[in-house]
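Remarks on the structure that follows.
Read-outs throughout are calculated quantities, based only on the coordinates presented, and are distinct from any laboratory measurement. Keep in mind the model is a prediction, meaning the values are calculated, not measured. Quick reminder, even Gly has a Cβ in these numbers, built from the backbone with ideal geometry, and neighbours come from all protein chains shown.
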Amino acid sequence: MKETVVSGIRPTGQLHLGNYFGAVTNFVKMQYDYNCFFFIADLHSLTTHPTPQDLHGYVRHVLVEYLACGINPDESTIYIQSDVPEVAELYLYLNMNAYMGELERSTSFKDKVRAQPDNINAGLLTYPTLMAADILIHKAVKVPVGKDQEQHLEFTRTFGNRFNRLYNNDYFPEAFAFNYSDNLVKVPGLDGKGKMSKSNGEGSCIYLADSPEVIRKKLSRAVTDGGPLTENQVKPEPIQNLFDLMKIVSPADTLAHFEELYNKMAIRYGDFKKQLAEDMIVFNGPIRERIEGLSGDSDYLRKVAEQGAEKARESARKTIREVRALIGFKSF
Ligand code: AMP
């Protein structure tokens, strides 16, 4: 039997190249080897109080873009978290055995307290229990997440094991982080510092749905410097970032050509960025076409969401039925 994998993404808008190369391409490959549940974490996103319109739009974006990238709804289970109320029920049960002290010590909670001191709600505090519910509801054993999520997975194991001890059984398996692919790429942003991320500003990101004009404009504004000062010098971060992006989207000989120009101090950043923009446009082209096709197809999206919810609920209902019996909720 295939092992069960669960992965969620918070709907915060459109997917960018970082999401694509850092996560979604692996999901597409993984779905044939594992029993995959990919969900859109709209319950999690309520901690930031999105407007109903924004929330719905963001969820739709992720659904459309997951499909456009090649996640196959007949192969894996793709669903919207709020369509599966069993998740919220398990969250409640897990919260009964999650302690204030441990939740307050979570690094992500402490980060949020610093970032949004006027909105420290209980949902933020119990984020790890909701994440545990997402994973345990399908009794998943593998979760494709990065190092930053390791602590949340530890919480998931703690809560699962605590449940098992309390009710004297080994119902929940332990879930561990895993990398499907060895070459995990970190996609840099266009702003000269760090990774591609919405929190580094819109200009840092190339979205999968960006039009050629937008891509050209963003690249023309990408941060560079005054040019190399010596031959074969180490590239400063903004320049290295653009070369790293070129390595991801451009043919190898294009990269080699610009590497050589840089090393000979003959590079013209204008040409370099134009080429990078054109290669990104070529890369994005087919995905963008599929995004455009799917965006207007509400009937298909509804069908996919319903099919995903049904498959996810089948698995979730079984877990909740068994959990209720273990807790002692029985009919007379
Ligand atoms: P986020 O939208 O930042 O929560 O990210 C969703 C998924 O995309 C996570 O699995 C991240 O690891 C991945 N991701 C986001 N940004 C990048 C990036 N710049 N490089 C690689 N992976 C990324």
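Which one of 239, 248, 215 is among the β-branched types (Val, Ile, Thr) and within 16 Å of the ligand (Cβ to nearest atom)? Going through 239, 248, 215 in turn, the sole match is 248. Is it the case that region 245-263 has a residue that's on the phi > 0 side of the Ramachandran plot and not hydroxyl-bearing (Ser, Thr, Tyr)? No: region 245-263 contains no residue that is on the phi > 0 side of the Ramachandran plot and not hydroxyl-bearing (Ser, Thr, Tyr).
Screening region 200-226 for residues that are free of Cβ contacts under 8 Å to residues at least 24 places away in the same chain and either in contact with a Cys (Cβ under 9 Å, 6 or more places away or on another chain) or not polar (S, T, N, Q) (or both) and picking the one that is surrounded by the fewest Cβ atoms within 10 Å (Cβ to Cβ) gives 226. For region 179-199, residues that are more than 9 Å from the ligand (Cβ to nearest atom) and surrounded by 15 or more Cβ atoms within 10 Å (Cβ to Cβ) total 4.
The residue pairs whose first member lies in region 1-26 and is more than 6 Å from the ligand (Cβ to nearest atom), whose second member is in a strand (DSSP E or B) and of a type in the set (Ser, Thr, Tyr), and whose beta carbons are closer than 9 Å, counting only pairs six or more residues apart or on different chains, are 13/207; 14/207; 15/207; 16/207; 17/207.
Considering region 119-146, the residues that are part of a helix (DSSP H, G or I) and small (Gly, Ala, Ser) include one that is nearest to residue 321 (Cα to Cα), namely 133. Only helices (runs of 4 or more DSSP H) whose full extent lies in region 220-321 are considered here, and the ones with at least 1 residues that are closer than 30 Å to residue 79 by Cβ and either out of contact with any Pro (no Cβ under 7 Å at 6 or more places or on another chain) or of a type in the set (Asp, Glu) (or both) are 237-249, 269-295. Within region 227-242, the set of residues being without any contact (Cβ under 8 Å) to a residue 40 or more places away in the chain, aliphatic (A, V, I, L, M) and surrounded by 12 or more Cβ atoms within 10 Å (Cβ to Cβ) comprises just one member, 239.
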